[in-house]
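The values are calculated or read from the model by the stated rules, or taken from the named source; none is laboratory data. In this text the structure is predicted, and so the values were computed from the model without any measurement. Backbone-built Cβ (ideal geometry, glycine too); neighbour counts: all protein chains shown. Keep in mind that these areas ignore ligands, DNA and RNA; they rest on the heavy atoms of the full protein, side chains included. Shrake-Rupley method; radii C 1.70, N 1.55, O 1.52, S 1.80 Å.
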Amino acid sequence: MAYGFVKTACVSPRLKVADCVYNAEQIVQAAELASKNGASIIVFPELSITAYTCGDLFFQQTLLTSAQEQLAFIIKKTSSLESLVFVGLPVARTEGIYNCAAAIFKGRLLALYAKSYLPNYGEFYERRHFTPFQQNMETRFISFAGFEDVPFGTDILLQDEDDPCLTVACEICEDLWVPVPPSSRHVLAGATVIANLSAGNEIIGKAEYRRSLVKSQAARSICAYLYANAGMDESTQDMVFAGHNLIVENGTLLAESNLFTSEPIYADIDVERMCQERRRTTSYGFSACNNNFDLDYTTVYFRLNAGKGDDFSRYIDPHPFVPHDQEKRTQRCLEVITLQYQGLAKRLRHINCQSAVIGLSGGLDSTLALLITCRAFDSVGISRDKITAITMPCFGTTGRTYNNACALARECGVTLKEIPIADSVRQHFKDIGQDEAVHDVTYENCQARERTQILMDYANKTNGMVIGTGDLSELALGWCTYNGDHMSMYGVNSSIPKTLVRYLVQWFADDKDSDVLRDILDTPVSPELLPPTDGKISQVTEDLVGPYELHDFFLYYLLRFGFPPSKILFLAKHSDLAKSYSDDVMLKWLKTFYRRFFSQQFKRSCMPDGAKVGTINLSPRGDWRMPSDAMVSVWMQELESL
């Protein structure tokens, strides 16, 4: 498997009711096509060898024998495929007939899964024909279709010998619709992939409910769920089938078929991601250990050669913090803004604060901080003129950012105060023996710390609090001056990545129809600590530390899933980022990201409070606990090998 990815397929083939020979031929053809298209796991519908709607024909020995013979035919014909295939058929035993799913792989019958919950209501009457396999029944080992010692039951795991993160189990149709599905046991026993062979007919609203049910179970179980439903050729007498197939990963719908089509669906599932997510969600592990389901399971091993990722087709969002759908993005912006200002409002109420101080530079971060603070003050009933926006021009300040800062303060109705700091900084240079002509880190940081000193002291003078402006991306890279802009009394942007900051300001610009905000959005990101060139910004942040859209991508997959550098780079190469950056450029900035992320932890270890608004946060109190002196050498060794 390439970085834990496995291509999967759900197929509703053409069939004829009770014609096992025809159906087997269709299954083989469909399996060959799906395998040719790269699918390593292929799921067909319930009772796909016979068809689901055979009725009392299931009692005919001729049909049962034909189904068994055609299973053997399918196993033989698919023996050269590098695919784990699930097909459905009735399996007769002395005590009754079971509705089963056969798991086959490279000429082997790995297991027979028997259905536990048989619907016997409405249009369904499975108890008339089939015997349920109860939870208290132990797995048996039977002879079937020419194979000996085949595991037969429900509690069976199929595990890849090379990667236990790929562990597959199965349930059948109605099994999912009960309060405690067999798949809930399967996943607690270790399954990361659930195959569901189904034959659910279509009625008004059922497709929506089915989709919701599969997504919910996959999310709760932190697994991939492959749902293959009976196609339209099952439609007979009083029921209509539509072949509604679904592939879902941890609650996210990866692929879905259109109703009344026979086209297969494909999706690359990430089993490594699910293992990482389970490890991170410690309550999941507690639930698994508390139940000890794995002690009752039979494990069958196989070795899946899932390729090198050459046929990888999964959509990788280049901006994982920002929904690419405009409607969802607008909704997300409103949710984030609400979380930001409500967090600040709580702090204002708690300390009975009646004023706030913000260093307003005319850049994106301080703009967002001011807009959020205004909303917080509105929500607690404090006049906006109690917010003091201080602009502190110095050596690098340009007319564009200065004018935008002043215009924004007036537009928001806050108090604007200008405190030039050049003379104070020059005095400080004199005190510490710094040559003003030397534009080094001391030259820059003296300005940043002077600004913070003014903000803190003015907040004391006005019984207010300093609102921090730094964002999540800057914290990740350590792109802030320690005890300078690094420090505040509350950081409203501390869990907002730079790529999202821009969209949040854009939301305000559209909401307010503000030309000032639009010009701020068009201004290059810069700390403005070096003198301008011909009146224009000379210090562009992304020229120094790298593109923020790359760093935010790296940050997301490092913190959210704990992926190694090689997988993060693989994902970046398969996203739209590859349209803008070469492989070498992405690798260069990935190395920069890791070096800075590890070396700058000491700044995050003492960062101010700030509301968590997304799944990624670097607060040492809430989310991220990392030693300040941890070594990056293991990660860099992997990067050097790429």
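See the values below:
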quantity: Region 216-278 versus region 391-431: alpha-carbon centroid distance in Å; calculated: 57 Å
quantity: Helix 422-432 axis, angle to the chain major axis (alpha carbon atoms, nearest 10°); calculated: 90 degrees
quantity: Shape call, region 346-400: gyration tensor on alpha carbons, a/c limit 1.5; calculated: prolate
quantity: Computed label-point distance, nm, for sites Arg621 and Asp584 using a 7 Å Cα→Cβ extension; calculated: 4.7 nm
quantity: Sites excluded, GluC sites (Glu not before Pro) in DSSP loops with at most 16 other C-beta within 10 Å, longest stretch of the chain; calculated: 162-435
quantity: Theoretical FRET efficiency, 1/(1+(r/R0)^6), r = Cβ-Cβ of Asn483 and Ala630, R0 30 Å, to 0.05; calculated: 0.85
quantity: Extended-chain gain in nm, criterion 0.36 nm per residue less alpha-carbon gap, Ser79 and Leu521; calculated: 153.2 nm
quantity: Protein accessible area in region 218-264, 1.4 Å probe - carbon and sulfur %; calculated: 44 percent
quantity: Approximate spin-label separation Asp534-Glu95, in nm, with each point projected 7 Å along Cα-to-Cβ; calculated: 8.8 nm
quantity: Between region 38-99 and region 109-176, the Cα center-to-center distance that results, in Å; calculated: 12 Å
quantity: Largest to smallest principal axis extent of the C-alpha atoms in the chain, angstrom; calculated: 99, 52, 44
quantity: Dipole moment magnitude, nearest 20 debye, region 374-500 about Cα centre, only Lys, Arg, Asp, Glu C-beta charged; calculated: 440 debye
quantity: Percent accessible area from carbon and sulfur atoms, region 468-590, protein chains only, probe 1.4 Å; calculated: 46 percent
quantity: Using a Förster distance of 45 Å, the FRET efficiency for Phe429-Ala2 (Cβ separation, nearest 0.05); calculated: 0.25
quantity: Separation in nanometres of the label points that stand 7 Å from Cα toward Cβ, at Gln331 and Ser262; calculated: 3.7 nm
quantity: Charge dipole (debye, nearest 20) of the chain; +1 at Cβ of Lys and Arg, -1 at Cβ of Asp and Glu; calculated: 1220 debye
quantity: Residues in region 454-474 that a label on Gln354 would reach, taking backbone N under 18 Å of a point 7 Å out along Cα→Cβ; calculated: 458-466
quantity: Under 13 Å, Cβ to Cβ, from Ser262 - net charge with Lys/Arg +1 and Asp/Glu -1; calculated: -2
quantity: Solvent-accessible surface (1.4 angstrom probe) belonging to Thr139, in square angstrom, nearest 10; calculated: 30 Å²
quantity: Amide proton proximity set for Leu254, modelled H, under 5 Å, gap of 5+; calculated: Ile247, Val248, Glu249
quantity: Gyration tensor over alpha-carbon atoms, region 1-149, equivalent ellipsoid semi-axes in Å; calculated: 25, 17, 15
quantity: Residues of region 379-465: accessible area per residue with a 1.4 Å probe, Å²; calculated: 50 Å²
quantity: Rounded to whole Hz, the Karplus (6.51, -1.76, 1.60) HN-Hα couplings of region 564-575, x for glycine and proline; calculated: x, x, 5, 6, 4, 5, 4, 5, 4, 5, 9, 10
quantity: Surface accessible to a 1.4 Å probe, per residue, for the residues of region 74-145, Å²; calculated: 41 Å²
quantity: Relative frequency of Cα-Cα separations exceeding 15 Å in region 131-188, percent; calculated: 59 percent
quantity: Cβ charges +1 (Lys, Arg) and -1 (Asp, Glu), total dipole of region 139-225, debye; calculated: 540 debye
quantity: Integer Hz, Karplus 6.51/-1.76/1.60 couplings in order for region 334-347, x for Gly and Pro; calculated: 5, 5, 5, 4, 5, 4, 4, 6, 5, x, 5, 4, 4, 5
quantity: Folded to 0 to 90 degrees: helix 364-380 orientation relative to the chain principal axis, Cα; calculated: 90 degrees
quantity: Listed peptides 284-291, 238-245, 599-606 by packing density, highest first (mean Cβ within 10 Å); calculated: 238-245, 599-606, 284-291
quantity: Heavy atoms of Met626 accessible to a 1.4 Å probe, total area in Å² rounded to 10; calculated: 30 Å²
quantity: Cα gyration tensor, region 424-507 - rounded (a/c under 1.5), prolate or oblate; calculated: oblate
quantity: Table column - 3J(HN,Hα) (Hz), region 461-468, Karplus curve with 6.51, -1.76, 1.60, x for Gly and Pro; calculated: 4, 9, 6, x, 10, 7, 8, x
quantity: Neighbourhood charge, 15 Å Cβ-Cβ cut-off, centred on Val240 and excluding it, Lys, Arg +1 and Asp, Glu -1; calculated: -3
quantity: Nonlocal amide H pairs with Ser48, under 5 Å, H built at 1.01 Å; calculated: Gly88, Leu89
quantity: Amide H contacts of Ala92 (H built 1.01 Å from N, under 5 Å, at least 5 apart or other chain); calculated: Tyr98
quantity: Efficiency of FRET from Cβ geometry, Tyr121 and Leu57, R₀ 25 Å, rounded to 0.05; calculated: 0.70
quantity: Viscosity 1.567 mPa s, temperature 4 °C, Stokes-Einstein D of region 574-642 from Kirkwood C-alpha radius, µm²/s; calculated: 92 µm²/s
quantity: In degrees, nearest ten, helix 20-36 long axis to first principal axis of the chain (Cα); calculated: 30 degrees
